[in-house]
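Below you'll find the structure, written out as structure tokens, and then a few comments.
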Amino acid sequence: MLKPILFLDIDGVLWTYSDLCPIAGPAEGLKELWPWARKNFEIYWLTAWAVNRTEMPKDVAIRLWKYTGLPVNETIDCPVAPWLYYKSEGVEAVIGDSDRQWLWLEDELMLEEIEWLVNTNNRWRHIFCNVFRDKDSLVEATRILKFALDKLVAEE
């Protein structure tokens, strides 16, 4: 049985870095989430750091390690979901017409991405996480991910 896919954003989800907040640090709960997620999901990066790319840039993986402690080899091993304008393009590119189970951890959705989620009956697959607005957001998102994973496994 294939693991479900977890699409992960970086800024505002895994760490507190952005152009507006250049002081980076790991999100509360990241050290617990990462090994659990690697064990239970096939992780795909869905981040502006890798827009229009086929793999995670090594400098980003090094930054992740520097500011969060995530192992460089583990972050580079995770494939990138390819997208150009909307992150939903990356989800579609990876999932295609398959019935593969997936979830998406993201801090901000564009209107077009929300419309896509609604129109494809996948709104429930997006789990909101924004550590800029709530420092415990990743801890709560992890709790929701664990609940959602149980539901996905039960459906198979």
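We did not get these values from a lab; they are worked out from the coordinates using the rules stated. Quick caveat, the model's predicted, so the values are computed rather than measured. Note that each Cβ is placed from the backbone with ideal geometry, even for glycine, and that neighbours are counted across all protein chains shown.
Report which label in (i) 10; (ii) 16; (iii) 38 holds the value of percent of Cα pairs over 29 Å apart derived from the coordinates of this structure.
Of the listed options (i) 10; (ii) 16; (iii) 38, (i) comes from this structure.
Which aspartates and glutamates does Lys135 reach when only Cα atoms under 17 Å apart count, and residues fewer than 8 places away in its own chain are ignored?
Answer for Lys135, where 17 Å is the Cα cut-off: Asp9, Asp11, Glu28, Glu32, Glu106, Asp107, Glu108, listed by chain and number.
Which GluC sites (Glu not before Pro) in region 35-104 pass both tests, a DSSP loop state and at most 14 other beta-carbon atoms within 10 Å?
Loop-located and lightly packed - Glu55.
What number, rounded to the nearest 500 deg cm²/dmol, is the helix-based mean residue ellipticity at 222 nm of the chain, given -39500 (n - 2.57) per DSSP H run of at least four residues and division by all its residues?
Taken over the chain, the calculation gives -12500 deg cm²/dmol.
Which of the peptides 127-133, 59-65, 33-39 is most tightly packed, and how do the rest follow, going by the mean number of other Cβ atoms within 10 Å of each residue?
Per-residue Cβ counts within 10 Å, averaged per peptide and sorted highest first, yield 127-133, 59-65, 33-39.
Taking the simple approach of a point 7 Å from Cα along Cα-to-Cβ for both Asp97 and Glu115, what is their distance in nm?
2.4
Relative contact order, percent, of region 1-105 when contacts are C-alpha pairs under 8 Å separated by at least 6 residues?
Normalised by residue count, the contact order of region 1-105 is 34 percent.
Less than 17 Å from a label point 7 Å out along the Cα-to-Cβ axis of Val51: which backbone N atoms in region 108-138 qualify, by residue?
108-114
When only C-alpha pairs under 8 Å and at least 6 residues apart count, what is the relative contact order of region 51-140, in percent?
21
Of Lys3/Lys87; Lys66/Lys151; Lys3/Lys66; Lys66/Lys87; Lys39/Lys146, which pairs sit farther than 24 Å apart, going by alpha carbon to alpha carbon?
Lys66/Lys151; Lys3/Lys66; Lys66/Lys87, as the Cα separations exceed 24 Å there.
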